[in-house]
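The values are calculated or read from the model by the stated rules, or taken from the named source; none is laboratory data. Worth saying up front: this structure is predicted, and the values here are computed from it rather than measured. We place every Cβ from the backbone using ideal geometry, glycine too, and count neighbours over all the protein chains shown.
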Amino acid sequence: MQDGHNLFDVSKAVWESFSSVLLKETNHVLEDSTVSDLQWFSCKISETRQVMLGIDQLAGYQLAEDMLNLPLVSLSDVDEQDAVLELMNCICGNLHWDKSSADFFDQPKLLPVVDILPLLHNLKMVSDVTAETGIKRFYIAVLETDVNHLTD
């Protein structure tokens, strides 16, 4: 089971390996009213666990700028999403999870915002962390449910 400190350490290490901007843990509470302000990505890491990342799109663009070494004005939404998907893939790959369930590990994907609140409310929280890159928000959580309720 991931604790919040370990989840943050893994996320911070991966983020800072790609970006020049530091990731700082905060005490910000993710409220239902702010969920739609973030882009949401999900990745299954075992039969019953998935990781969800909510990230401010501006933070995603900063990440893409650093990863691709291109000026911000030349980046597209696809570049930004690809950068965050790569970030998510690396974070999920570095989390300690049951290696015997490797068959359930999948590629991260962007989720529709309408799916987020039901997922966050219906899945058991294992650990979560809020962080920021300057004033931009970053939220990551490991969630647990039974097999029948995981996203496809």
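Candidates 143, 119, 123: the one that is surrounded by 21 or more Cβ atoms within 10 Å (Cβ to Cβ), at pLDDT below 90 and over 17 Å from residue 11 (Cα atoms) is 123.
Take residue 42 and tell me if it is more than 18 Å from residue 116 (Cβ to Cβ), touching a helix residue (DSSP H, G or I) at 6+ places or on another chain (Cβ under 9 Å), in contact (Cβ under 8 Å) with a residue 12 or more places away in the chain and polar (S, T, N, Q). It is false that residue 42 is more than 18 Å from residue 116 (Cβ to Cβ), touching a helix residue (DSSP H, G or I) at 6+ places or on another chain (Cβ under 9 Å), in contact (Cβ under 8 Å) with a residue 12 or more places away in the chain and polar (S, T, N, Q).
Residues that are more than 26 Å from residue 145 (Cα to Cα) and either free of Cβ contacts under 8 Å to residues at least 60 places away in the same chain or among the aromatic types (Phe, Trp, Tyr) (or both) within segment 45-62 comprise 57, 60, 61, listed in sequence order. Quick one: would you say residue 24 is over 16 Å from residue 128 (Cα atoms), modelled with pLDDT under 95 and over 13 Å from the mean Cα position of the chain (by Cα)? No, not satisfied.
Of the helices (runs of 4 or more DSSP H) lying entirely inside segment 1-86, not one carries at least 1 residues that are aromatic (Phe, Trp, Tyr), at positive phi and buried (at least 19 other Cβ atoms within 10 Å of the Cβ).
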